[in-house]
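Student: Okay, here's the structure, questions in a sec.
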Amino acid sequence: MSNLRRTHLLLTSTFMLALAGCGGAGSKDPTGYSNNAQMSVVQDLSTEERSIATRICYAYQSKSSSFRGQTYNAGSFIYNIDSRNCVDARTSYTVNAVLKPLTVPMTMEPDTAKPFQKTVQTDTTGYLTQLCAKIRSNKPVSNTVTETSTKIQIRFFKDTLDSYTLRYFTPTGTNGAMKITSAETIKVRTDSSTGILGMDEKYTIQQTCGTSDKYSEFNQNFINFL
């Protein structure tokens, strides 16, 4: 998981810039988002978290294989978007996206230029690449990664679906204190009997609005495959 921050920057920097003006209310980590959030204790994943992470990694592996087959190539993935920006302006819209299985990473190409998280997360590309490699090798996995001056903490939890949240902290310049700047939460289908195995059913990003006490939200919900 040591390359998590670099992978994140490559995949979503443009997306996050777009959200400076529009963000999304929706399902999120039960601990919620707060501009005053403090970093958790740096430690290895708990037994429960590791079990959730393992289920997600193997679901992502299955999705990577099935998405490269013929089943999903001709159809549309339907998403609902709901967002709120730093001045409390809200917007919602529907996106029809087509899977592009041959790109690296795989993407969902939307029918709109509006904000949309199009990267397909798998066990070998995306946020959990290094983590899933450690899971497969039965190595310890820390809940914290440091990239340059940013610290990224990951938490796995069960909230209807197996889920994980990435929280990003940067130094404030005051006694080495760290301030949260954003958080991303992904809820993953790990039971094939109820949907597409490995599907990211919900994606949420929250971002602190500069020095104010507000934050923007963006929520992307997968609705159906047609």
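The values are calculated or read from the model by the stated rules, or taken from the named source; none is laboratory data. Quantities reported herein were computed from a predicted structural model and do not represent experimental measurements. Note that we place each Cβ from the backbone using ideal geometry, even for glycine, and neighbour counts take in every protein chain shown. Accessible surface is based on the protein model in full, side chains and every heavy atom, while ligands, DNA and RNA are left aside. Shrake-Rupley method; radii C 1.70, N 1.55, O 1.52, S 1.80 Å.
Student: List the pairs whose first member sits in region 196-216 and is closer than 12 Å to Glu184 by Cα, whose second member is of a type in the set (Gly, Ala, Ser) and surrounded by fewer than 19 Cβ atoms within 10 Å (Cβ to Cβ), and whose Cβ atoms are under 6 Å apart, counting only residues at least 6 apart or on separate chains?
Tutor: Close Cβ pairs satisfying both conditions: Lys202/Ser27.
Student: Given the condition more than 18 Å from Arg167 (Cβ to Cβ), part of a helix (DSSP H, G or I) and open to solvent by 30 Å² or more (accessible area, probe 1.4 Å), answer yes or no: does some residue in region 103-116 qualify?
Tutor: No, that holds for no residue.
Student: I'm told Tyr127 meets every condition in (1) more than 26 Å from Phe157 (Cβ to Cβ); (2) in contact with a His (Cβ under 9 Å, 6 or more places away or on another chain) except one. Can you identify the failing condition by its number?
Tutor: Here Tyr127 clears every test but (1).
Student: Looking at region 135-143, can you tell me whether even one residue there is of a type outside the set (S, T, N, Q) and within 25 Å of Phe218 (Cα to Cα)?
Tutor: Within region 135-143 (the criterion being of a type outside the set (S, T, N, Q) and within 25 Å of Phe218 (Cα to Cα)), the answer is no, since none of the residues qualifies.
Student: Can you find a residue in region 181-193 that is of a type in the set (A, V, I, L, M) and farther than 27 Å from Asn80 by Cα?
Tutor: No: region 181-193 contains no residue that is of a type in the set (A, V, I, L, M) and farther than 27 Å from Asn80 by Cα.
Student: Could you look through region 203-226, keep only residues that are over 20 Å from Glu109 (Cβ atoms) and open to solvent by 40 Å² or more (accessible area, probe 1.4 Å), and pick out the one that is modelled with the lowest pLDDT?
Tutor: So, considering only residues that are over 20 Å from Glu109 (Cβ atoms) and open to solvent by 40 Å² or more (accessible area, probe 1.4 Å), the one modelled with the lowest pLDDT is Thr211.
Student: Here's another thing I want to ask about it. Let me confirm something: among Thr165, Thr148, Thr160, Thr125, which residue is at pLDDT below 95 and either within 14 Å of the chain's Cα centre (by Cα) or crowded, with 21+ Cβ neighbours inside 10 Å (or both)?
Tutor: Going through Thr165, Thr148, Thr160, Thr125 in turn, the sole match is Thr125.
Student: Moving on to the next point. Return the residues of region 87-102 that are among the hydrophobic types (A, V, I, L, M, F, W, C), open to solvent by 60 Å² or more (accessible area, probe 1.4 Å) and closer than 20 Å to Thr204 by Cα; say none if nothing qualifies.
Tutor: Val87
Student: Which of the residues that make up region 61-78 are among the small types (Gly, Ala, Ser) and open to solvent by less than 50 Å² (accessible area, probe 1.4 Å)?
Tutor: Ser62, Ser64, Ser66, Gly69, Gly75, Ser76
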